[in-house]
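Structure first, commentary second.
The values are calculated or read from the model by the stated rules, or taken from the named source; none is laboratory data. Keep in mind that what you see is a predicted model, and the values were worked out from it rather than measured. No Cβ is skipped: glycine too gets one built from the backbone with ideal geometry, and neighbour counts run over all protein chains shown. To get the accessible areas, we keep the full protein, side chains included, count just its heavy atoms, and leave off ligands, DNA and RNA. Shrake-Rupley method; radii C 1.70, N 1.55, O 1.52, S 1.80 Å.
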Amino acid sequence: MADTYLSVGDTAPAFTLPDKDGNMVSLADFRGKKVILYFYPKDNTPGCTRQACAFAAAYEGFKALDAVVIGVSKDSAASHVKFAEKYSLPFILLADTDLAAIQAYGVWQEKTMYGKKTMGVTRTTYIISEDGLIEKVMPKVKPDTNAAEILAYLGTAR
């Protein structure tokens, strides 16, 4: 089980996961585009909702930069449908119920909450280059500022 993040320059691990509508989505589908791949703990929780809404608010900016936003959690596709509809989320949400991508990207880690240790998804964002390499690693991001930080980075990275 991975407990370390991927590094800049690494090849982004391939994955194929169902989206909220049951369509299978692969990282390879977005070759030639910048991919913002963000991992979050759980649909409809306060931090995850704020993060998703911030990405939704910034979505036109990402589209203008030809970047794709993909959110991944271990929630089911059915959970993603409710989450996306409730908050009008315009980007892709993938269900990783088997933790395949979550573990491949090193975001399934030990967490401590209220003094109790558990395993869970650490809120992490990867920016993947057009040629499928890890361009930027953003571990333990803040839900409210993550989308704006990425837009600022992409705006200056050109």
Q: Give me a count of the residues in segment 114-144 that are farther than 23 Å from Ala14 by Cβ and open to solvent by 60 Å² or more (accessible area, probe 1.4 Å).
A: 8
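I'd like the full set of residues that are assigned to a loop (DSSP other than H, G, I, E, B) and farther than 8 Å from Phe39 by Cβ, limited to segment 96-132. Steps first, please.
Within segment 96-132, the subset assigned to a loop (DSSP other than H, G, I, E, B) is 96-99, 105-107, 114-115, 122-123, 129-132.
Of everything in segment 96-132, those that are assigned to a loop (DSSP other than H, G, I, E, B) and farther than 8 Å from Phe39 by Cβ turn out to be Asp96, Thr97, Asp98, Leu99, Gly106, Tyr114, Gly115, Ser129, Glu130, Asp131, Gly132.
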Q. For segment 64-95, which residues satisfy the criterion of being charged (D, E, K, R) and in a helix (DSSP H, G or I)?
A. Lys82, Glu85, Lys86
Q.
Within segment 34-51, does at least one residue satisfy the condition of being part of a loop (DSSP other than H, G, I, E, B), open to solvent by less than 70 Å² (accessible area, probe 1.4 Å) and farther than 16 Å from Lys74 by Cα?
A. no
Q. Is at least one residue of segment 53-63 open to solvent by 20 Å² or more (accessible area, probe 1.4 Å), closer than 25 Å to Gly155 by Cβ and among the hydroxyl-bearing types (Ser, Thr, Tyr)?
A. yes
(Q) Given the condition open to solvent by 80 Å² or more (accessible area, probe 1.4 Å), part of a helix (DSSP H, G or I) and not small (Gly, Ala, Ser), answer yes or no: does some residue in segment 11-25 qualify? (A) no
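Go through Pro139, Pro46, Pro90 for me and flag whichever is out of contact with any helix residue (DSSP H, G or I) (no Cβ under 8 Å at 6 or more places or on another chain) and under 17 Å from Val35 (Cα atoms). Before you say what the answer is, go through the steps one by one.
Working: Pro46 fails: under 17 Å from Val35 (Cα atoms); Pro90 fails: out of contact with any helix residue (DSSP H, G or I) (no Cβ under 8 Å at 6 or more places or on another chain).
Just a single option satisfies the conditions, and that option is Pro139.
Condition check: surrounded by fewer than 20 Cβ atoms within 10 Å (Cβ to Cβ), of a type in the set (A, V, I, L, M) and farther than 22 Å from Gly155 by Cβ. Does Val68 satisfy that? Walk me through how you get there before you give the answer.
Details: surrounded by fewer than 20 Cβ atoms within 10 Å (Cβ to Cβ): yes; of a type in the set (A, V, I, L, M): yes; farther than 22 Å from Gly155 by Cβ: no.
Against the criterion (surrounded by fewer than 20 Cβ atoms within 10 Å (Cβ to Cβ), of a type in the set (A, V, I, L, M) and farther than 22 Å from Gly155 by Cβ), Val68 does not qualify.
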